[in-house]
1. Along the Cα→Cβ direction, 7 angstrom out, place labels at Ser222 and Ser330. What is the inter-label distance in nm?
2. Using a simple spin-label model with points 7 Å from Cα along the Cα→Cβ vector, what separation in nm is obtained for Asn116 and Ile39?
3. Quick one: if the Förster radius is 35 Å, what FRET efficiency do Arg320 and Thr77 give, using the C-beta to C-beta distance and rounding to 0.05?
4. Hey, which of these cross-link pairs are over 21 Å Cα-Cα: Lys106/Lys154; Lys211/Lys255; Lys106/Lys220; Lys207/Lys253; Lys207/Lys236?
5. Lys and Arg at +1, Asp and Glu at -1: add these up for the other residues within a Cβ distance under 12 Å of Glu334 and post the number.
6. Taking the Cα centre of segment 145-263 as origin and charging only Cβ (+1 Lys, Arg; -1 Asp, Glu), how large is the dipole, in debye to the nearest 20?
7. Would you please give the FRET efficiency between Lys236 and Leu289, computed as 1/(1 + (r/R0)^6) with r the Cβ-Cβ distance and R0 = 22 Å, to the nearest 0.05?
8. Counting only the heavy atoms of the protein chains, how much of Arg135 is accessible to a 1.4 Å probe, in Å² to the nearest 10?
Amino acid sequence: MSRKRRMFDIDIPAMDDIPVGKVPDKVLKKRRGPMAAAISENADALRDQQSTEETIRAENDALAHELVRLRNEGLVTEHVALADVLTEKLTRDRKPGPDPELDELKASIRDIGLSNPIRLERRADGRFELIQGMRRLSAYRALFEETGEEIYAKIPAGISEANDLDNSYRRMVDENLIRKDISFAEMGALARAYAEDPANECPDVDKAVSKLFKSASYTKRSYIRSFASLLMMMDKALMHPNDIPRNVGVELKRKFDATPGLVRRVTDTLLSEPDRDGAREVAILRSFLEEQEPSASKKPASEGTSKPRRAKTTFQVSGRAGVAKCSASSGRIELKYDLDFTRVDRSKLEEAISAFIEALPEEDDLTHG
């Protein structure tokens, strides 16, 4: 008897391949109803929202801590009322009297605002001490007084916590070291005032210069010491100390040290001209530098020399492009200066030479005639 032919071929998987107690995901997905799907989606959304909120909170905490750090270091600009800014803590190194460049600064502030905020320190009474920016503060005060506009009633400032006195002085001095208009006399006067203030516990000017001008070069500190000593020697005889060029002040101090009684002579000469201006005061000081030392003896002329040696005067003058070296003799003057005179307009060069010649005295004993 023949076997019956099967109508269908069914492939039955092996028993080991059939998962026990687990429904395939595909089946679950088909079986999940609309309500279950909505609940699942809502739970996922809540988890995502919670994660996002935690990330935002962490970022905000980090930003808050960074803001506190920057504010404590004075790196966050705030607007401070002018009436709350005091200038009592530090002795300023600005020369007294009107500032010829203040009008330019005021015009700049009116046009584009304050580019560089002032630096303040917090006080216990809620007000602030000025550390850097005396000219900027003066300009704002002048603008507010002149215009009455509220925009000038507050000044942009970086505010830091109070530092010890030495650190505050260093902050002020280091900023001013880069100023082009600050004179050695101003720096010397600051060192002298710092040494004389009992609160600083600084016994002498030399140590004051070392503390305040630590960032300056050794040579520059030596110049500042010379001017500080010069100011003490001359006391109130100098009316225009900030006009004294560096080389004149340094050489004069050296000559004072080597020549007894010279300080009194220079002082008496200056006091004899109470109406002198800055240029005249410098000229008086130069005249004492050009004096021949009493102990110096003239060397006899060598035998067989046909021409006597001509007297020569050498000196240096500070200018915007550096120091000009000058050498003057009978009928001749030489000038060495870091400037390309060929590029100067001829009319201006002639005008300068003419002014130079006209400024010289024309007494009979100075001319060849």
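The values are calculated or read from the model by the stated rules, or taken from the named source; none is laboratory data. Since the model is a prediction, treat every value here as computed from it, not as a measurement. Reconstructed Cβ throughout: ideal geometry from the backbone, glycine too, with neighbour counts over all protein chains shown. For the accessible areas, the whole protein counts, side chains as well, though only heavy atoms, and no ligand, DNA or RNA atoms are used. Shrake-Rupley method; radii C 1.70, N 1.55, O 1.52, S 1.80 Å.
1. 3.7
2. 6.9
3. Computed FRET efficiency for Arg320 and Thr77: 0.60.
4. Lys211/Lys255; Lys106/Lys220; Lys207/Lys236
5. With Lys, Arg at +1 and Asp, Glu at -1, the net is +4.
6. On the way: 17 positive and 20 negative charges, 169 e Å.
So the dipole magnitude of segment 145-263 works out to roughly 820 debye.
7. For Lys236 and Leu289, the calculated efficiency is 0.55.
8. Arg135 has an accessible surface of roughly 50 Å² with all protein chains in place.
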